[in-house]
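**Student:** Got a structure for you, questions after.
The values are calculated or read from the model by the stated rules, or taken from the named source; none is laboratory data. Fair warning: this is a prediction, and the values are worked out from it, not measured in the lab. We place every Cβ from the backbone using ideal geometry, glycine too, and count neighbours over all the protein chains shown. Note: areas computed on protein heavy atoms with side chains; ligands, DNA, RNA excluded. Shrake-Rupley method; radii C 1.70, N 1.55, O 1.52, S 1.80 Å.
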Amino acid sequence: MVIEPFTVFFYFGIFLAIIGSIATAWGPGVNDPIVRTFNTEVASIGVCLVLLCYNHVLALLTLLATTVIISLILFRAIIRLEEMGADV
Amino acid sequence: MMYVPQAFISMYLPAIYAGLIVGFIATMAIAIKREELHILILTDLVGLAMIFVVSAVGTDLAEALILPGLVVELAETLAISEILITREMRKIEQDPRANLKTSSSMFPQAFSLDMEIMTTAPNFIALVLIGYGIFLTGFTGGAVAGGGIVLYALSKKARGLPVLILDGVAGVSGIAWCLWIIGFLLFFVTPQYWLLALFLAACGLLLKVASKVGLIGLLMREDIDKE
């Protein structure tokens, strides 16, 4: 049986998503919310690979755009809360 | 069976299992954590698990379902982060010992956008982007037009066009929903007018997405403009 290249990318995407979500949940240094937000990106790159294998172009573009905007919103919230002296 | 390629069928089970595993990890972490901000970040992971399960369908239906899911997740994150900030502000205001700084900024230092391109070019580029977005309609057009609004909102100091006031964003959003729902209804009631229904839904979606992206630009400008 010939292994198709996109199957490799598909399983690598699944692997990245699971590793990234474990890192976000229990990874090193996740008590800092900024580290936790960065770890989310690993999982979202895995999802991007999976969408690429499925030929979902529009969904892939939207996922990239919303990931950027969501991380901007989260950083804004984190920075504001830390400036106010809340325990995050 | 005819519409789904054979390769996608063999990828169905692994994708579903991966989605379930990611969702399980995320919900376990949410159950363990106490701080609201961390829970908000972990909610992202649940959204990723949702994308896995939906994308396993493997047809255009999956694409059509992923788009609104992502946009709703974006709006939800925006709203909840605002609620968290407001609640924390109120908590600190009621505590007499705490000193609340009146101005808080996105950037640690005063951040002024003093590039020449921010004062000369943006009017034209924003106009072109908004025009092109309206021409495209639908989701992509909304994103393009929203990019134009963000660019204009970020470069408010530019002279030329009168300053847009986007306070009526809520009203525009309501009209967009009405267009969308009417278009959706026409699809089922009178299928022979499908083109009209399609354009109603597309224009509604355009207004919706553009106003939402523009709102994010407005929020960021609030933070950046403070000296």
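**Student:** Name the residues in segment A:1-54 that are outside any helix (DSSP H, G or I) and within 30 Å of A:Glu82 (Cα to Cα), would you? Full working, then the answer.
**Tutor:** Step one: list which residues in segment A:1-54 are outside any helix (DSSP H, G or I), which gives A:1-4, A:27-32, A:54.
Matches in segment A:1-54: A:Gly27, A:Pro28, A:Gly29, A:Val30, A:Asn31, A:Asp32.
**Student:** Inspect all residues belonging to segment A:24-39 and state whether any of them is modelled with pLDDT of 90 or more, among the aliphatic types (A, V, I, L, M) and open to solvent by less than 40 Å² (accessible area, probe 1.4 Å).
**Tutor:** yes
**Student:** Quick test for you: out of A:Ala43, A:Ala25, pick the one residue that is of a type in the set (A, V, I, L, M) and free of Cβ contacts under 8 Å to residues at least 12 places away in the same chain.
**Tutor:** A:Ala25
**Student:** What are the residues in segment A:54-84 that are more than 7 Å from chain B (Cβ to nearest Cβ) and over 21 Å from B:Leu67 (Cα atoms), if any?
**Tutor:** Residues satisfying the conditions are A:Phe75, A:Glu82.
**Student:** Among what's in segment B:124-170 and is of a type in the set (Val, Ile, Thr) and modelled with pLDDT under 65, pick the residue that is nearest to the chain's Cα centre (by Cα).
**Tutor:** Ranking the qualifying residues of segment B:124-170, first place goes to B:Val169.
**Student:** Quick one: would you say B:Leu42 is within 17 Å of the chain's Cα centre (by Cα) and under 30 Å from B:Val209 (Cβ atoms)?
**Tutor:** Judged against the criteria, B:Leu42 is not a match.
**Student:** Moving on. Report the residue count in segment B:121-136 for those that are within 14 Å of chain A (Cβ to nearest Cβ) and open to solvent by 30 Å² or more (accessible area, probe 1.4 Å).
**Tutor:** 1
**Student:** Got at least one residue in segment A:4-19 being in contact (Cβ under 8 Å) with a residue 40 or more places away in the chain, out of contact with any Lys or Arg (no Cβ under 6 Å at 6 or more places or on another chain) and open to solvent by less than 30 Å² (accessible area, probe 1.4 Å)?
**Tutor:** yes
**Student:** In addition: Name the helices (runs of 4 or more DSSP H) wholly within segment B:1-84 that hold at least 3 residues that are more than 9 Å from chain A (Cβ to nearest Cβ) and at pLDDT 85 or above?
**Tutor:** Once the helices (runs of 4 or more DSSP H) in segment B:1-84 are filtered for at least 3 residues that are more than 9 Å from chain A (Cβ to nearest Cβ) and at pLDDT 85 or above, what remains is B:12-32, B:36-55.
**Student:** Name the residues in segment B:17-35 that are among the β-branched types (Val, Ile, Thr), surrounded by fewer than 18 Cβ atoms within 10 Å (Cβ to Cβ) and under 21 Å from A:Asp32 (Cα atoms), would you?
**Tutor:** B:Thr27, B:Ile30, B:Ile32
**Student:** For segment B:36-82, how many residues are over 24 Å from A:Ile79 (Cα atoms), hydrophobic (A, V, I, L, M, F, W, C) and open to solvent by 40 Å² or more (accessible area, probe 1.4 Å)?
**Tutor:** Total meeting the criteria: 6.
**Student:** If we scan segment B:94-101, do we find a residue that is at the interface with chain A (Cβ under 7 Å from one of its Cβ atoms) and modelled with pLDDT of 90 or more?
**Tutor:** No, because not a single residue in segment B:94-101 is at the interface with chain A (Cβ under 7 Å from one of its Cβ atoms) and modelled with pLDDT of 90 or more.
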